[in-house]
Amino acid sequence: MTSPKKTTLLTLLSVFLLAATALAVSYAKQPLDIAVKAQIDIYQRTGGSWTKIDSVGPETIRVQASLLEAATSKSVESRFHWQTTSKQGKPYSVRLLDVARLRYDPRTGSMNANLRWQIGYDGQDATVSAQLGTGSVQGPSGSLRGANARGLLGKERVAFTMVSSNSFKQADGKELQFVAKEEYAITPAKR
C-alpha cells in the first residue's frame, strides 16, 4: 500500500512532467520570422574576362518557420518561388527544385547549403546546382565573404550571411556567373 505522502509526491511529479512537456512542445512550435536580403550580381564571359552586365536586388524576402523546423532541419523542403525584375529590366525568377541540404556547426556558427534551383533570366532557363556558405567564395570580381551565425535561435535575433558563385549556361552557349549574397535575420515572431 502506498502512503499518502508518496501518492502526493508522485502526483506532483506527474503534473510537473506533463507541464514541462507541454511547455517544451509549445516552445518548439514557436513561429520565427525569417527575412532574407538577397543581392545577385550577374556577370557574362566575353573573351577571357568577366563583365558585370546586370544585378537583382537588394530585395528582402520574408517567410515563416517554426523553431522546431529551424533548429532540427538538416534539410528543408519548400515551394519557394521568387519572381522579380533585374536592374536592366529583365525578368528574373528562381524556384527551389529539390530538398535543400543543410550543414550547421553550432560551435562556430558556420553553415553550408546544397540546393538545386531552376533559374530564369532574360527569357532563358537553366537548372543550377548551388553551394551557399558562410565562408568565402571566389567570383569574377574577386572574393566574397559570408558571416557565421550569431544569436540564440528562438530567444533573440539570429543573423548570418551566405554567399555563392554559380554558373548559368544559356541555350545560345553564353556563360553567365551569378554571384549571390544573402543576409539572413531570424527573429521570434510576435504572437
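The values are calculated or read from the model by the stated rules, or taken from the named source; none is laboratory data. Just so it is clear, the structure is predicted and the values come from calculations on it, not from any experiment. In this analysis, Cβ positions are derived from the backbone assuming ideal geometry, glycine residues included, and neighbour counts consider all displayed protein chains.
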Worksheet entry | Verdict on Gly142 being modelled with pLDDT of 90 or more and either among the basic types (Lys, Arg) or at positive phi (or both) | yes
Worksheet item: Does Arg45 satisfy the condition of being of a type in the set (Lys, Arg), assigned to a strand (DSSP E or B), modelled with pLDDT under 95 and more than 16 Å from Met162 (Cβ to Cβ)?
Response: yes
Discussion item. Taking the conditions exactly as written (modelled with pLDDT of 50 or more, surrounded by 15 or more Cβ atoms within 10 Å (Cβ to Cβ) and closer than 23 Å to Arg101 by Cα), does Ala71 satisfy them or not?
Written reply: no
Response to the item:
All-but-one check, Thr127 against (1) of a type in the set (S, T, N, Q); (2) surrounded by 16 or more Cβ atoms within 10 Å (Cβ to Cβ); (3) farther than 20 Å from Lys52 by Cβ; (4) in contact with a Leu (Cβ under 8 Å, 6 or more places away or on another chain), failing number (2)
Discussion item. Tell me the residue from Leu176, Leu102 that is part of a strand (DSSP E or B) and under 25 Å from Thr51 (Cβ atoms), please.
Written reply: Leu176
Discussion item. Looking only at the range 173-187, how many residues end up being touching a residue at least 12 places away in the same chain (Cβ under 8 Å) and surrounded by fewer than 21 Cβ atoms within 10 Å (Cβ to Cβ)?
Written reply: 8
Item to complete: Identify all residues within the range 74-120 that are at pLDDT below 85, buried (at least 16 other Cβ atoms within 10 Å of the Cβ) and among the hydroxyl-bearing types (Ser, Thr, Tyr); write none if there are none.
Response: Tyr104
Discussion item. For the range 169-191, which positions are closer than 20 Å to Ile61 by Cβ and among the hydrophobic types (A, V, I, L, M, F, W, C)?
Written reply: Phe178, Val179, Ala180, Ala185, Ile186, Ala189
